[in-house]
Amino acid sequence: MKLDYFRNEFDTIMKKDYATSFARDVALARLMSEMEGTYHIPALESYEFNEQNPEVMELYLKISNARKF
């Protein structure tokens, strides 16, 4: 999957009217999990991975920070 797919999904989630912030957080967490599988994002922070994949990590952190939990 391309990064544009994940950007579009993020935009869709953020524009959708969810009943609760928890429901939005779940959708965002699922999107993060999908990115982790697609881009093999390591569970522990990896400077090397971050340096090699700055656009992926920028979007991943943007999604993470959008959660309210």
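The values are calculated or read from the model by the stated rules, or taken from the named source; none is laboratory data. The structure displayed is predicted, hence computed values, not measured ones. Don't worry about glycine lacking a Cβ; one is built from the backbone with ideal geometry, like all the others, and counts go over all protein chains shown. Note: areas computed on protein heavy atoms with side chains; ligands, DNA, RNA excluded. Shrake-Rupley method; radii C 1.70, N 1.55, O 1.52, S 1.80 Å.
Taking the charge dipole of region 21-69 about its Cα centre, with +1 at Lys and Arg Cβ atoms and -1 at Asp and Glu Cβ atoms, the residue from A27, N53, Y39 reaching farthest to the positive side is A27.
Computed about the Cα centre, the dipole magnitude for the chain is approximately 420 debye when only Lys and Arg (+1) and Asp and Glu (-1) carry charge, each at its Cβ.
Among 4-14, 27-37, sorting by the average number of other beta carbon atoms lying within 10 angstrom of each residue, highest first, gives 27-37, 4-14. Per residue, the chain exposes an accessible area of 74 Å² to a 1.4 Å probe, with every protein chain left in place. Carbon-plus-sulfur accessible fraction, the chain (probe radius 1.4 Å, protein heavy atoms only): 51%.
Distance between the modelled labels on K2 and A43, one decimal in nanometres: 3.3 nm (7 Å Cα→Cβ projection). Kirkwood Rh over Cα pairs of region 1-62 into Stokes-Einstein at 25 °C, 0.890 mPa s: D in µm²/s? It comes out at roughly 198 µm²/s.
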